[in-house]
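The values are calculated or read from the model by the stated rules, or taken from the named source; none is laboratory data. Here the structure is a predicted model, which means the values were calculated and not measured. Positions of Cβ are backbone-derived with ideal geometry, glycine not excepted, and every protein chain shown enters the neighbour counts. For the accessible areas, the whole protein counts, side chains as well, though only heavy atoms, and no ligand, DNA or RNA atoms are used. Shrake-Rupley method; radii C 1.70, N 1.55, O 1.52, S 1.80 Å.
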Amino acid sequence: QLQPVESGGGLVQAGGSLRVSCAASGRTFSNYGMVGWFRQAPGKEREFVAVIWWSGGIIEYSDSVKGRFTISKENGKNTVSLLMNSLKPEDTAVYYCAVRHYGSQSFWSWEDYDAWGRGAQVTVSS
């Protein structure tokens, strides 16, 4: 089983930028499928952020982050990163990397993902 491992994040003022990265342990992303980013703030449901189909290069974003966040992959390093620009306090959450098998249905649903990292904290101050 592939195990995602997050890194990055941190604390930034509103309007700033942060990056979170996801490395694959055990298997490569190319051998598994899709890599997604979700976030969860205290007291709220887990929320879809972005996903990338590793081999096909297809990318989807949630409406709340379109134009601000960029998901990308680095094949040689077997990593997926999420660059977060123009951050808002409402972006504050724990950001999780997750994987699932290739498909096109319900890519936004956290219940369809199979393995999760432990998360990286992103805090945006006013």
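Some values worked out for this structure:
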quantity	calculated
Residue in the stretch 105-114 that is touching a Lys or Arg at 6+ places or on another chain (Cβ under 7 Å), under 14 Å from residue 19 (Cβ atoms) and touching a residue at least 24 places away in the same chain (Cβ under 8 Å) present	no
Residue within the stretch 91-106 that is among the aromatic types (Phe, Trp, Tyr) and assigned to a loop (DSSP other than H, G, I, E, B) present	yes
Residue check, residue 77 open to solvent by 10 Å² or more (accessible area, probe 1.4 Å) and at pLDDT below 95	yes
Residue list for the stretch 42-63, filter: open to solvent by 20 Å² or more (accessible area, probe 1.4 Å), over 11 Å from residue 102 (Cβ atoms) and assigned to a loop (DSSP other than H, G, I, E, B)	42, 43, 44, 45, 46, 57, 63
Count of residues meeting criterion [assigned to a strand (DSSP E or B) and in contact (Cβ under 8 Å) with a residue 40 or more places away in the chain] in the stretch 1-41	25
Scope the stretch 4-41; condition of a type in the set (S, T, N, Q) and loosely packed, with under 15 Cβ neighbours inside 10 Å; matching residues	7, 13, 17, 25, 28, 30, 31
Residue count for the stretch 107-121, restricted to those that are part of a strand (DSSP E or B), among the hydrophobic types (A, V, I, L, M, F, W, C) and under 14 Å from residue 39 (Cβ atoms)	2
The stretch 89-107: number of residues that are open to solvent by 80 Å² or more (accessible area, probe 1.4 Å) and at pLDDT 95 or above	1
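Every residue, every condition in (1) within 22 Å of residue 1 (Cβ to Cβ); (2) out of contact with any strand residue (DSSP E or B) (no Cβ under 6 Å at 6 or more places or on another chain); (3) at pLDDT 95 or above, yes or no:
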| position | (1), (2), (3) |
| --- | --- |
| 38 | yes, no, yes |
| 42 | no, yes, no |
| 47 | no, no, yes |
| 53 | yes, no, no |
| 62 | no, no, yes |
| 69 | no, no, yes |
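Residue by residue, here is whether (1) without any contact (Cβ under 8 Å) to a residue 24 or more places away in the chain; (2) closer than 25 Å to residue 25 by Cβ; (3) over 15 Å from the mean Cα position of the chain (by Cα) holds:
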| position | (1), (2), (3) |
| --- | --- |
| 68 | yes, no, no |
| 80 | no, yes, no |
| 85 | no, no, no |
| 120 | no, yes, no |
| 125 | no, no, yes |
